[in-house]
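Below: one structure, written as structure tokens.
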Amino acid sequence: MARPRTLAEVYRRFGEVDAAGTSALYERVAVALSESEAALRAVEAAPARKRQPALILAALYDLALAGRAPELAAAYAAGDGDAAARAAVETLLVRADEVAALAVRRRTRTDVTGRCAVLYPAVAEAARRVGAKAVGLIDVGCGAGLNLNVDRVGITYGDGQVLGDPASPVRLTCSVVGDRPVPARAIPEVVARIGIDSESVDVTDADEARWLRACLPPDRPERRARLDAELALAATDPPLLLRGDALDLLPDALARVPEDALPVVATTWALSALPPESRLRFLQRLDEAATGRPVAWVSAEGVGVAPAIPTFGDRRASGHSVIGLAVFEHAALRAEAVGRCWSRGRMLAWLAGA
């Protein structure tokens with residue numbers, strides 16, 4: 001059995017492997033932290049589960065963005081890796097308690113908006129199958145709820161198809177795998193946008209928005225620009241965010257969708273955090289809500305993670321995810337796999353009807 005990696009090895013690997021090729025600054029900073037015994041002792045002020053490099057680096061960057069680590073902020077702004085490494089170590093030593101407190105209170109937020117490219121055709125297909133003229137979107141595991149604006153972003157697919165709002169300040173691209181085109185069908189009017197998350201993020205709160213920015217590497221200006229556009233778009237019509245356990249809150253969220261609209265529940269890589277029995281309870285909640293009207297569930301989950309969704313016979317941990325569409329209506333469930341996707345929604349193979 002291989003021995004567990006030391007904290008120094010974890011940080012060095014993050015720098016030399018995870019950050020390499022994506023963030024030169026984080027590559028240099030992570031290696032510098034791995035070489036500083038004092039810095040590693042400061043990291044150990046956080047609970048063991050909160051010592052991962054991505055979270056500690058985000059906490060340091062949050063302090064820089066907040067003006068509490070000016071030397072680190074200046075080094076990041078200049079793109080100076082050596083200066084950033086020195087400033088990160090110094091900031092960690094001087095502000096170890098603040099870094100640990102941020103790490104305990106926060107979790108890293110990955111880039112989630114690419115998921116709109118997968119969600120859009122699936123939500124439109126759900127509405128078509130039910131004949132819905134309006135939908136209410138419910139995003140489980142929503143984070144900041146940015147994917148609830150799926151109809152308000154502009155999405156260009158590799159086959160030339162453009163969906164969403166072509167005039168939107170938020171533009172996404174998605175490669176298409178195979179020769180089957182992405183359907184041109186539009187999502188009908190969205191009359192409700194509801195997010196459920198145990199740690200939902202309010203984009204209208206300056207501290208919350210700053211944390212989202214801190215989760216991006218400081219030397220990725222294109223990602224920062226897109227996030228800023230997404231935050232600005234979300235702030236013009238903030239979604240309703242329900243904070244707590246999804247299984248407990250799902251009935252309330254569904255009840256908030258107007259009666260003449262189709263509730264469409266979305267999960268994108270959210271169910272893997274739940275044990276199998278909770279995933280089945282999630283399915284049961286949807287079935288219970290469909291006694292009086294149809295309910296749709298759109299999913300993008302790893303192979304075999306989403307209960308009742310076929311898998312095309314694919315193997316688990318195969319490197320891609322299955323896009324599922326389930327419609328609960330009149331005590332009946334119609335569940336289908338409608339596609340595959342890769343890279344968290346940046347590559348899509350639409351297969352419905354194939």
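Structure data summary
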read-out: Estimated inter-spin distance, Gln161 and Val104, nm [label 7 Å along Cα→Cβ]; value: 4.9 nm
read-out: Residues Ser34, Ser272, Ser321 arranged by fewest to most Cβ contacts within 10 Å; value: Ser272, Ser34, Ser321
read-out: Whole-Å distance, taken between Cα centres, linking region 33-80 and region 316-348; value: 38 Å
read-out: Listed candidates (1) 29, 53, 18, 0; (2) 26, 60, 13, 1; (3) 29, 57, 13, 1 - label of the one calculated as P(r) over Cα pairs in 20 Å bins from 0, in percent; value: (1)
read-out: Ranking of Trp297, Trp269, Trp211 by count of other Cβ atoms within 10 Å, fewest first; value: Trp269, Trp211, Trp297
read-out: Segments 289-296, 325-332 sorted - mean Cβ within 10 Å per residue, highest first; value: 289-296, 325-332
read-out: Magnitude of the charge dipole, the chain, Cβ model with Lys/Arg +1 and Asp/Glu -1, debye to 20; value: 640 debye
read-out: The chain - mean residue ellipticity at 222 nm from DSSP helices (-39,500 (n - 2.57) per run, n ≥ 4, rounded to 500); value: -11500 deg cm²/dmol
read-out: Cα pair distances in region 7-105, grouped into 10 Å bins until the bin that holds the longest one, percent each; value: 18, 56, 25, 0
read-out: Computed E for Gln284/Ala77 - FRET, C-beta separation, R0 56 angstrom, nearest 0.05; value: 0.65
read-out: Residues Glu98, Glu125, Glu35, sorted so that the one with the fewest Cβ neighbours within 10 Å comes first; value: Glu35, Glu98, Glu125
read-out: Backbone HN-Hα couplings from phi across region 68-81 [Karplus 6.51/-1.76/1.60, Hz, Gly and Pro as x]; value: 9, 9, x, 5, 5, 4, 5, 5, 5, 4, 7, x, 8, x
read-out: Sites Asp207 and Ala255 - FRET efficiency at Förster radius 22 Å, r taken between beta-carbons, to 0.05; value: 0.10
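Read-outs: derived from the displayed coordinates by stated rules, not from any lab. Since we're looking at a predicted model, the values are computed, not measured. Quick reminder, even Gly has a Cβ in these numbers, built from the backbone with ideal geometry, and neighbours come from all protein chains shown.
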